[in-house]
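The values are calculated or read from the model by the stated rules, or taken from the named source; none is laboratory data. Because the structure is predicted, anything quoted here is derived from the model rather than measured. Cβ coordinates were reconstructed from backbone atoms using ideal geometry, including for glycine residues, and neighbour counts include every protein chain displayed. Note: accessible area is taken over every heavy atom of the protein model, side chains too, but ligands, DNA and RNA are not part of it. Shrake-Rupley method; radii C 1.70, N 1.55, O 1.52, S 1.80 Å.
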Amino acid sequence: MKKDFFTYQAQTSPHPLALEISKAKGSFIFDTKGKKYLDFVAGVSANSLGHNHPKVTEAIKNQLDNYAHVMVYGEFIQKPQVDLCKLLAQNSPKNLNAVYITNSGTEATEGALKLAKRVTKRAEIIAAKNSYHGNTMGAMSVSGVEKQNSAFRPLIPGTKFIGFNTDEDLNKITHKTAAVIVETIQGGAGFIEPKNNFLVKLKQKCDSVCALLILDEIQTGIGRTGTFWGFENYNVTPDIVVTGKGLGGGMPIGAFLASFKMMSLLKDNPKLGHISTFAGNPVIAAAANATVKEILNKNLLKESLRKEQLFRRHLQHSSILEIRGKGLMLAAIVKTPELAVKTIHKCLEKGLILFFLLFEQRAMRITPPLTISDKEIVEGCKILIETLDELS
């Protein structure tokens, strides 16, 4: 299988981890030789309820027995889609009462950008330096790392960049600005939280020039940072929110939310202003419904904050400079990129899965399932600390 992987499957990095997977359950992944790995990554924040969660699996199977894809998104009334939109709206601020389901987070970003231009009749987008919003052309155009973008230029024009947590840059937002898009917590940059009420000031500036604030909650949302939406931690409410990753419980999905008044602009002048064949696939929507309900019903929001403190207590080492992030969106920052690489690979050999961040090369991603047990947290932290001892 490994030979075929490198022969026929397009590669996304020069040195993939290339773990041959046979099955996964709960907080563990098993390779084809039967070795068990404790998963501290959760499919890069996607497997909110761990692997093969019974509620998610049951929802998928039940929906498959009824129907799968039946019609392009938005034409037929399908219960899984309607239920998911209602569930998300009921757990969001009142202005975020209309939901457009997509196939992925990056597609949700595209929809949010289109909506902002449609609402404001403006073209300029402001984004943050060192940001990441996806890999389609629109999402890349508002992602703020030139090393990642340069090979694919020209991208979509009209984007300007400001520093995240840089108050003086807020003056770059003007009456020409359609929207400002930022991650609630910067992911690829190293899990950078907003400081000194930056998001509040950002929203106030947007309001003053009638621009919209789009918050990218693809990683921070759906309970990972201790509240349903990450922005609830920072006393701000966006005009549009983008989600994905953990929403589907391991299934591919995204969504963007706004007011029903704004979202209605996509349906006319022109008709089909935003359309997708497989968006809101009923099987995927059923999985997302089950995921969100389980997160809410099992109090996994507060549990994320409690488990964060458990990680922080057990990840103390002279080689760890700091633990960044909130809830179960954490990154251990070590002294050098070389140490991060060696630690991740050595931990994999010992049965612990960690991963990298896009742009902060000293970081080790720790984004386990929200359902991870205290015992599993302690076990994984012990492996990580022992590995740092050996490498130090």
Checklist entry - How far, in degrees from 0 to 90, does helix 54-66 lean away from the longest principal axis of the Cα atoms of the chain, to the nearest 10? => result 50 degrees
Checklist entry - How large is the convex hull of the Cα atoms of the range 154-296 per residue, expressed in Å³ as a whole number? => result 151 Å³
Checklist entry - Semi-axes of the range 70-158's equivalent ellipsoid from the Cα gyration tensor, sqrt of 5 times each eigenvalue, largest first, rounded to whole Å? => result 29, 15, 13
Item to check | Additional length obtainable on full extension of the chain from Glu146 to Val44, 0.36 nm per residue less Cα span | outcome: 34.5 nm
Checklist entry - At a 1.4 Å probe radius, carbon and sulfur cover how many percent of the accessible area of the range 284-392? => result 51 percent
Item to check | Reach of Lys245 by Cα under 17 Å, taken over lysines that are not fewer than 8 positions away in the same chain | outcome: Lys293, Lys326
Item to check | Helix 374-391 axis, angle to the chain major axis (alpha carbon atoms, nearest 10°) | outcome: 70 degrees
Item to check | Normalised alpha carbon radius of gyration of the range 1-54 [divisor 2.2 N^0.38 Å] | outcome: 1.25
Checklist entry - What's the lysine pair count for the range 2-105 at a Cα cut-off below 15 Å, pairs eight or more apart or interchain? => result 8
Item to check | Listed residues Phe152, Gly248, Phe76: farthest to the positive end of the dipole of the chain (Cβ charges) | outcome: Phe76
Checklist entry - What's the extension gain from Lys335 to Lys35 if we count 0.36 nm per residue and subtract their Cα-Cα distance? => result 105.0 nm
Checklist outcome for this item: Summing -39500 (n - 2.57) over every DSSP H run of at least 4 residues in the chain and dividing by its residue count gives a helix-only mean residue ellipticity at 222 nm, to the nearest 500 deg cm²/dmol, of -10500 deg cm²/dmol
Checklist entry - If the chain between His15 and Lys79 were fully stretched, how many nm would it gain, using 0.36 nm times the residue separation less the Cα-Cα distance? => result 18.8 nm
Item to check | Correct choice for volume of the Cα convex hull per residue in Å³ that was computed from the model, options (1) 156; (2) 136; (3) 148 | outcome: (3)
Item to check | Among Leu354, Leu17, Leu265, residue whose mean-square fluctuation peaks in a GNM of the chain (springs only between Cα atoms under 10 Å) | outcome: Leu17
Next on the checklist: Take Ala68 and Asn196, extend 7 Å from each Cα along the Cα→Cβ direction, and tell me the distance between the two endpoints in nm.
Outcome noted: 5.3 nm
Checklist entry - Taking the Cα centre of the chain as origin and charging only Cβ (+1 Lys, Arg; -1 Asp, Glu), how large is the dipole, in debye to the nearest 20? => result 300 debye
Checklist entry - What list of whole percents do you get for P(r) of the range 234-392, with Cα-Cα distances grouped in 10 Å bins up to the one holding the largest distance? => result 9, 29, 29, 20, 10, 3, 0
Checklist outcome for this item: Rounded to the nearest 10, the angle in degrees between the Cα long axis of helix 337-349 and the longest principal axis of the Cα atoms of the chain comes to 60 degrees
Checklist entry - In the range 165-209, how does Rg compare with the Kirkwood Rh, expressed as the Rg/Rh ratio over alpha carbon atoms? => result 0.97
Next on the checklist: So if I restrict to the alpha-carbon atoms in the range 1-158, what is the Rg, and what is Dmax, the biggest pairwise distance, in Å?
Outcome noted: 20.0, 57
